[in-house]
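Each remark here refers to the structure printed beneath this line.
The values are calculated or read from the model by the stated rules, or taken from the named source; none is laboratory data. Note that the structure is predicted; figures quoted are calculated from it, not measured. Here Cβ is always computed from backbone atoms with ideal geometry, including for glycine, and neighbour counts include all displayed protein chains. Heads up: the accessible areas ignore ligands, DNA and RNA and are worked out on the full protein's heavy atoms, side chains in. Shrake-Rupley method; radii C 1.70, N 1.55, O 1.52, S 1.80 Å.
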Amino acid sequence: MKDTRPFPPLKNDNLLRAARGEVVDRVPVWVMRQAGRYLPEFQEVRKLHDFFTVCRTPELACEVTMQPLRRFDLDASIIFSDILVIPQALGLTVEMHAGVGPVLPQPIRTPEDLNRLTPDGALSRLDYVGDAITMMRHKLDGRVPLIGFTGAPWTLMGYMIEGGGSKTMSKAKAWLKDYPEDTKLFLNLLTDVIVDYLEMQVAAGAQMLQIFESSAEHLSKEDFLVWSMPYLRRIRDDLVDRLTKKAVQPVPLTIFAKGAGHSLKEQSELGYDVIGLDWTVDPVEARAVVGPNITLQGNLDPQDMYRDPDELRSLTTDMVHKFGKSRYIANLGHGITPQTPITSMEILIEAVHNAL
């Protein structure tokens, strides 16, 4: 039975204000993978439960989503899940192997393998994410906004063809040349499911959404404009259109295309409210390219979290000064890494909040 209680009023809305270009009390900060392996309490949960069991069990997903908020003065929560729940919902087996990461033992090798995918009913197989989002909104009691997310089509396609993570994406990239029409079918199928999935997350209570194009770095600018951008545009346009037709206020949307700093201008024309930057992008240059009307998010190098406290504080303060207080959300330039010291998170957050 769905929980239909009204959500508690939001107490700290700096994240949403920053995304909309409104005045903020302080620069908001959250961290990609903030609920994860660097926290000992997360490791304790994982000793008892398989990774995807945590994702599929709303009570467990909410517990690990809440863990960083108990420790740190963060300005956002992000629901604990994984981008590969979509391939699972489409009928592929996805396993999380210690020391390896995600493994898909029966990947998509040829266009004929697309017939194995089961888009019909895929959304219903993701209900547990919506249930976790609704539960989390109540557990947060309005403390901070809750972010939902998805992988982008090219990134998901890459995992589904490669059978896991890849340093080259050579098999997926071969599809672009060998099977261009089938690639379009594949990417459109994923786009359809993603739009359904994001609409469901908004209905469940997500107050902001991030689309992770984590494998953009494997595409040239030319290929990024052909094989990523049109689908990112359709996700945004179709989602906003659907929500508007249902008289639902669209939530802020963030695109994070890791390694696509070459296409910031084009990203700025997609209609997203926020553009996430990896650590290779200069904040001043990025602002000059995208203009004043889009919020930027990022972009400290995750490796800087291993520096000594004074150095980390200085780097963080300098980063915030470069971005400024208007239309800015502080974050790392990619996910926090597993051995990051807890004290580094404390320093990062304090430095962001005190920088301006």
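Listing for the model above:
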read-out	value
Residue check for ARG37: open to solvent by 70 Å² or more (accessible area, probe 1.4 Å) and of a type in the set (D, E, K, R)	yes
Filtered residue count, the stretch 51-98, keeping only those that are touching a residue at least 40 places away in the same chain (Cβ under 8 Å), out of contact with any helix residue (DSSP H, G or I) (no Cβ under 6 Å at 6 or more places or on another chain) and of a type in the set (S, T, N, Q)	1
Scan of the stretch 96-144 for residues that are hydrophobic (A, V, I, L, M, F, W, C), modelled with pLDDT of 95 or more and in contact with a strand residue (DSSP E or B) (Cβ under 7 Å, 6 or more places away or on another chain), ordered by number	VAL103, LEU104, ILE133, MET136, LEU140, VAL144
Filtered residue count, the stretch 202-218, keeping only those that are part of a loop (DSSP other than H, G, I, E, B), open to solvent by 10 Å² or more (accessible area, probe 1.4 Å) and either aliphatic (A, V, I, L, M) or within 16 Å of LEU15 (Cβ to Cβ) (or both)	1
Where GLN88 falls short, out of the listed (1) within 30 Å of PRO250 (Cβ to Cβ); (2) open to solvent by less than 10 Å² (accessible area, probe 1.4 Å); (3) not charged (D, E, K, R)	(2)
Number of positions in the stretch 156-171 that are open to solvent by less than 10 Å² (accessible area, probe 1.4 Å) and more than 14 Å from LEU104 (Cα to Cα)	1
Matching entry among ASP141, ASP120, ASP131, ASP113 (being charged (D, E, K, R) and either buried (at least 18 other Cβ atoms within 10 Å of the Cβ) or touching a helix residue (DSSP H, G or I) at 6+ places or on another chain (Cβ under 6 Å) (or both))	ASP131
Inter-residue pairs, beta-carbon under 8 Å, first under 22 Å from MET305 (Cα atoms) and in the stretch 258-283, second open to solvent by less than 30 Å² (accessible area, probe 1.4 Å) and of a type in the set (Lys, Arg), 6+ apart	ASP278/LYS258
